[in-house]
Amino acid sequence: MRTLHAAPLLRLSLDDEPRPGHAVLVTGDRVGAVAPLDELTGAYPEVRVRRWAGTLGPALVHDGPLPPAPTPRERVHALFRLGAAAVLADRVTDPALRAAAARNEVAVLAAVRPPALVVGGRADLAVFGADGSCLATVVAGRLVHRRA
């Protein structure tokens, strides 16, 4: 399944200059292409297009303690509301929390890495509003959070 994620601005990394009019093609759990929206819709006319307000870019790596919540599942979903798709291994040592992270395809990393959108890489995306709040999070190609 292919989905095209488009927003007024796109960043390939957190320090990248915003690119207007670009989009990300997600194929399964991978980034299939990053290009101008017009090019991608022309090349893939049947693709589902999700249009987001804000700035689209890589999902974050959460390097602090997971947000508090009543259950491990809710703690993982609290990450998604922050725009994160990855955590550090030393923050998910509890077996129930680690299992919840695995079930939701959260990447568990040994060390912090700079988030980036790379063709062929895992499709972990986030959309942030002008106020910095997370509007949507995609983990391994699957929409896991959308602000109402």
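The values are calculated or read from the model by the stated rules, or taken from the named source; none is laboratory data. Note that the structure is predicted; figures quoted are calculated from it, not measured. Don't worry about glycine lacking a Cβ; one is built from the backbone with ideal geometry, like all the others, and counts go over all protein chains shown. Side chains are part of the model used for accessible areas, which takes the heavy atoms of the whole protein and leaves out ligands, DNA and RNA. Shrake-Rupley method; radii C 1.70, N 1.55, O 1.52, S 1.80 Å.
Dividing the convex hull volume of the alpha carbon atoms of the chain by its residue count gives 105 Å³ per residue. Short to long, the 5 Å bins of the Cα pair-distance histogram for the stretch 68-148 hold 3, 15, 25, 25, 19, 9, 2, 0 percent of all pairs.
Each label point was placed 7 Å from the Cα along the Cα-to-Cβ direction; for Ala89 and Val108 their separation is 0.9 nm.
Need one number: % antiparallel among DSSP beta bridges in the chain, to the nearest 5. Walk me through the numbers before you get to the answer.
On the way: 27 of 39 bridges.
Given both bridge residues lie in the chain, the antiparallel proportion sits at roughly 70 percent.
Each other residue within a Cβ distance under 15 Å of Asp38 adds +1 if Lys or Arg and -1 if Asp or Glu, for a net charge of +1.
Given a cut-off of under 8 Å on Cα pairs at least six residues apart, what relative contact order in percent is computed for the chain? Walk me through the intermediate numbers first.
Values: 342 pairs, mean separation 39.1, N = 148.
So the answer I get is 26 percent.
From most to least packed by mean Cβ count within 10 Å, the peptides 93-105, 70-82 give 70-82, 93-105.
Give me the percent of the accessible area of the stretch 73-126 that comes from carbon and sulfur atoms, probe 1.4 Å, all protein chains in place. Its accessible area is 57 percent carbon and sulfur atoms. A Cβ-based charge dipole, computed about the Cα centre of the chain with Lys and Arg at +1 and Asp and Glu at -1, lands at about 460 debye. In the chain, the DSSP-assigned H stretches of four residues or longer account for a calculated mean residue ellipticity at 222 nm of -5000 deg cm²/dmol, using -39500 (n - 2.57) per stretch and the full residue count as denominator. Across the alpha-carbon set of the stretch 11-87, the Rg to Rh ratio works out to 1.06, Rh being the Kirkwood radius.
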